[in-house]
Amino acid sequence: MKLLQTIRRMSQGASEVPLSALRLKYCERKDAFLEDNIKVKNPFCVFRDWLELALKTPEILEPNAAALATVSAEGRPSNRYVLVKEATAEGFTFFTNYGSRKAEDIKSNPNVAISFYWLPLRRSVRIEGVAEKISAEDSLKYFHQRPRASQIGAAASPQSQRIPSRSYLDDVEAAIKLELGPDGEVPLPNWGGYLVRPDLIEFWQGQTDRLHDRIRFRRGGGVESEVDGKLVHKGEEGWVYERLAP
């Protein structure tokens, strides 16, 4: 709550205070994120530990919210927030309409980036990897685990497409409800999940003196041949890790 109160005070005076003067206190040097803090040199293990702490932090209302960046066939970048619904040793899963802009981008260029930012913890996680559709069976299973209103909403919305008005969505939603009745099963629309298989995961922790901690894990493409024990270190399960300057 103290953090939220501080942010509110800063925002209330934002019209009078230049953006360059807005500055929050981050971690102290004694709380630095060190390589010795990583007991298992595997980024998925580190991510699970950080996520668990984020889940236990009341100020973080949606710890699974993450910014997803894609690039179109024309090389135009796009960024938006999604909710990551699963994080395993395989990767990170989110769901969307398969006709959305993000889906069109992924169809032409499956290389994506995901960023989590947990402000109260002064921590962020950056992920780069390749997105692939999960099975239709797994998408259907998750779809029917969602609240029925959310299922109908997904069926009613032609995501990222132009529509004439807000009332258009209301009319489509009402028509679907009328057709299905109160108990009819909502059919799976053009909608489903993507699994992002990462080849880079970076952990960032902010420091008040701006000498932030950045530890990056990489795998694939012969990265293990770069291990020298000084700048690049051998991790587990094909990962290597290194510290980056802030």
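Select from the range 111-141 the residues that are in a helix (DSSP H, G or I) and more than 17 Å from Ala66 (Cβ to Cβ) and list them in ascending order. I'd like the intermediate steps shown before the answer.
First, pick out the residues of the range 111-141 that are in a helix (DSSP H, G or I): 119-121, 136-141.
Scanning the range 111-141 gives Ala136, Glu137, Asp138, Ser139, Leu140, Lys141.
So that you can scan it fast, the table gives a plain yes or no per residue for (1) hydroxyl-bearing (Ser, Thr, Tyr); (2) on the phi > 0 side of the Ramachandran plot; (3) surrounded by 11 or more Cβ atoms within 10 Å (Cβ to Cβ):
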| site | (1), (2), (3) |
| --- | --- |
| Glu202 | no, no, yes |
| Thr208 | yes, no, yes |
| Gly221 | no, yes, no |
| Glu226 | no, no, yes |
| Val232 | no, no, yes |
From Lys41, Lys56, residue being open to solvent by less than 70 Å² (accessible area, probe 1.4 Å) and modelled with pLDDT of 95 or more: Lys41
Among the numbered criteria (1) assigned to a helix (DSSP H, G or I); (2) touching a Phe, Trp or Tyr at 6+ places or on another chain (Cβ under 7 Å), which single criterion is violated by Asp170? (2)
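Which of the residues belonging to the range 52-90 are among the hydrophobic types (A, V, I, L, M, F, W, C) and in contact (Cβ under 8 Å) with a residue 40 or more places away in the chain?
Leu53, Ala54, Ile60, Ala65, Ala66, Ala67, Leu68, Ala69, Val71, Ala87, Ala89, listed by residue number.
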Top-ranked residue in the range 176-200 [being free of Cβ contacts under 8 Å to residues at least 24 places away in the same chain and assigned to a loop (DSSP other than H, G, I, E, B); ranked as most open to solvent (accessible area, probe 1.4 Å)]: Asp183
How many of the residues making up the range 109-121 are open to solvent by 20 Å² or more (accessible area, probe 1.4 Å) and in contact (Cβ under 8 Å) with a residue 60 or more places away in the chain? 3
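So which residues in the range 122-167 are among the hydrophobic types (A, V, I, L, M, F, W, C) and either open to solvent by less than 30 Å² (accessible area, probe 1.4 Å) or in contact with a Cys (Cβ under 9 Å, 6 or more places away or on another chain) (or both)?
Matches in the range 122-167: Val125, Ile127, Ala131, Phe143, Ile152, Ala154, Ala156.
Can you name every residue in the range 82-108 that is in a strand (DSSP E or B) and surrounded by 17 or more Cβ atoms within 10 Å (Cβ to Cβ)?
Scanning the range 82-108 gives Val82, Ala87, Phe92, Thr93, Phe94, Phe95, Thr96, Asn97.
The values are calculated or read from the model by the stated rules, or taken from the named source; none is laboratory data. Predicted model only: the values in this text are computed from it and were never measured. Methodologically, a virtual Cβ is constructed for each residue, glycine included, from the backbone with ideal geometry; neighbour enumeration extends over all protein chains shown. Each accessible area value is taken on the protein alone, full model and side chains, heavy atoms only, with ligands, DNA and RNA left out. Shrake-Rupley method; radii C 1.70, N 1.55, O 1.52, S 1.80 Å.
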